[in-house]
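The values are calculated or read from the model by the stated rules, or taken from the named source; none is laboratory data. Quick caveat, the model's predicted, so the values are computed rather than measured. All Cβ positions, glycine included, derive from the backbone under ideal geometry; neighbour counts span all protein chains shown.
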């Protein structure tokens, strides 16, 4: 079986298409396939999915971090999504012929090279975490760029795992990790009630005693209330269960789920073609948004 890993880097730019296209083009390495990329101007964030042999994917990710550091200035960047870096998150995911533990080792290698090549400090998270209190990404991101650049200087517990203690002045820091597949899933409510969205997010996220493996925040996006979620353990909690819970809670708060969206790709095993949650996905095309199908038909790299 060929060794294949996926990398899903998140960048703190979702408005300037020229910048995002340049970052994506930087990932064009022989053997690496471009599976998906999207821009979200409200979150001011872009998510890219690439896959291929481990060595080539790591090289592609490194190049992307360097290009993002050149193009994205966090001191001038704002958006509703939490972030600590221009290249905010670099997760490596096993696809075939490799284990999560191997991906964690490659994440450590990539983090070392990010610091050495670009002077961007690195925090390790998830399966690559060097400390148990950094396993959860939200703990690494606590305070965001503006807060972390101050606390990292005065609090040894908040210093990067590699580099620092100062963050890069404009590119911040990068969280590098290894994890299983996750689904980034957003649901919009009919009423623009961000208080309801926040209450629903608090009720369903695992850290608040909700659904296992679910992370959620409530935000206002283009005057629409959104429950923005990551479902991190698909073997324990299905997307349909998350949709059902949000739908029930929305009714309790005097509103309903209007529609949904996926950010990135969906593993085939989680696809439920006849379900209500799939029906409500805006612009969803299985051949384009299911990981295994996209692997056989990758995207063309963007032109300059």
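Take the residues in the stretch 68-81 that are buried (at least 21 other Cβ atoms within 10 Å of the Cβ) and touching a helix residue (DSSP H, G or I) at 6+ places or on another chain (Cβ under 6 Å), then tell me which one is farthest from residue 48 (Cα to Cα).
So, considering only residues that are buried (at least 21 other Cβ atoms within 10 Å of the Cβ) and touching a helix residue (DSSP H, G or I) at 6+ places or on another chain (Cβ under 6 Å), the one farthest from residue 48 (Cα to Cα) is 74.
Anything in the stretch 15-67 that is surrounded by fewer than 19 Cβ atoms within 10 Å (Cβ to Cβ) and on the phi > 0 side of the Ramachandran plot? List them, or say none.
31
Pick from the stretch 91-117 the residues that are under 11 Å from residue 5 (Cα atoms) and buried (at least 19 other Cβ atoms within 10 Å of the Cβ): which of them is farthest from the chain's Cα centre (by Cα)?
98
So residue 220 fits all but one of (1) touching a helix residue (DSSP H, G or I) at 6+ places or on another chain (Cβ under 8 Å); (2) at pLDDT 95 or above; what number is the exception?
(2)
Given the conditions (1) modelled with pLDDT of 95 or more; (2) outside any loop (DSSP other than H, G, I, E, B); (3) not assigned by TED's automatic domain parsing to the domain that holds residue 91, which single one is not true for residue 207?
(1)
Identify all residues within the stretch 268-304 that are in contact with a helix residue (DSSP H, G or I) (Cβ under 6 Å, 6 or more places away or on another chain) and part of a helix (DSSP H, G or I); write none if there are none.
Those that are in contact with a helix residue (DSSP H, G or I) (Cβ under 6 Å, 6 or more places away or on another chain) and part of a helix (DSSP H, G or I): 268, 270, 277, 287, 292, 293.
Condition test on residue 120, is it in a loop (DSSP other than H, G, I, E, B), surrounded by fewer than 20 Cβ atoms within 10 Å (Cβ to Cβ), in the same structural domain as residue 172 (by TED's automatic domain parsing) and within 19 Å of the chain's Cα centre (by Cα)?
no
Being touching a helix residue (DSSP H, G or I) at 6+ places or on another chain (Cβ under 7 Å) and closer than 15 Å to residue 198 by Cα is the filter; apply it to the stretch 243-267 and report the residue that is surrounded by the most Cβ atoms within 10 Å (Cβ to Cβ).
Applying the filter and picking the extreme gives 246.
State the number of residues belonging to the stretch 211-256 that are within 21 Å of the chain's Cα centre (by Cα), more than 19 Å from residue 269 (Cα to Cα) and part of a loop (DSSP other than H, G, I, E, B).
Count: 2.
When the stretch 44-67 is examined, which residues are found to be touching a helix residue (DSSP H, G or I) at 6+ places or on another chain (Cβ under 7 Å) and more than 18 Å from residue 21 (Cβ to Cβ)?
Across the stretch 44-67, the qualifying residues are 51, 54, 58, 62.
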